[in-house]
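Structure, as structure tokens:
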Amino acid sequence: MEEGITRIGVSLPKNLLDEFDAIIKVRGYSSRSEAIRDAIRGYIAEYKWLESEKGEVVGVLTVLYDHTVRGVSDALISIQHAFSHVITSDMHLHLSDEQCLEIIVVKGNMEEIKKLVDKVAAIRGVLSHKMITAQKKA
Ligand code: NI
């Protein structure tokens, strides 16, 4: 084995791996390992970038979720009410029979917005989320 390389075993749902493989094929990766390395680098970069954001910000939080999972819609609404002090507006798209996309415009203190993002991410039925911020001009 290459110096400095650690081999790991990961358990994944088959449909998740199938979807990943289909994407990396289209994107031209020569190996699954290389694609996973890139995915992990992207995950780390996104986390570090979000961590570095401070103070007053405006941004957009997108949340893709499966509305057929029991309780997910109620949980999303409750959390948004609890964080109404940093939520400016909210758009809902019915993407398919199961999937919904929530686009939440946020404005306020990043510490509070991070709490909102963490709570949303932890809801069962949330498939993915993305937080995009734009620093407000002074
Ligand atoms: Ni919907």
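Just to be sure before I move on: is residue 115 surrounded by 16 or more Cβ atoms within 10 Å (Cβ to Cβ), farther than 21 Å from residue 19 by Cβ and more than 16 Å from the ligand (Cβ to nearest atom) in the structure I sent?
On the way: surrounded by 16 or more Cβ atoms within 10 Å (Cβ to Cβ): no; farther than 21 Å from residue 19 by Cβ: yes; more than 16 Å from the ligand (Cβ to nearest atom): yes.
It is false that residue 115 is surrounded by 16 or more Cβ atoms within 10 Å (Cβ to Cβ), farther than 21 Å from residue 19 by Cβ and more than 16 Å from the ligand (Cβ to nearest atom).
Failed condition for residue 107, given (1) of a type outside the set (A, V, I, L, M); (2) within 27 Å of residue 42 (Cα to Cα); (3) out of contact with any strand residue (DSSP E or B) (no Cβ under 6 Å at 6 or more places or on another chain), with all others met?
(3)
Looking only at the stretch 68-101, filter to residues that are open to solvent by less than 80 Å² (accessible area, probe 1.4 Å) and assigned to a loop (DSSP other than H, G, I, E, B); which one of those is nearest to the ligand (Cβ to nearest atom)? First the steps, then the outcome.
First, pick out the residues of the stretch 68-101 that are open to solvent by less than 80 Å² (accessible area, probe 1.4 Å): 69, 71-73, 75-76, 78-80, 82-84, 86-87, 89-90, 92-93, 96, 99-101.
Cutting the leftovers down to assigned to a loop (DSSP other than H, G, I, E, B) gives us 69, 71, 83-84, 86, 96.
Details: 69: 12, 71: 15, 83: 20, 84: 20, 86: 23, 96: 9 Å.
This residue is 96.
The values are calculated or read from the model by the stated rules, or taken from the named source; none is laboratory data. Source: prediction; values computed, not measured. Please note: Cβ atoms are built from the backbone with ideal geometry, for glycine as well, and neighbour counts cover all protein chains shown. Areas reflect the complete protein model, heavy atoms only, side chains present, ligands, DNA and RNA absent. Shrake-Rupley method; radii C 1.70, N 1.55, O 1.52, S 1.80 Å.
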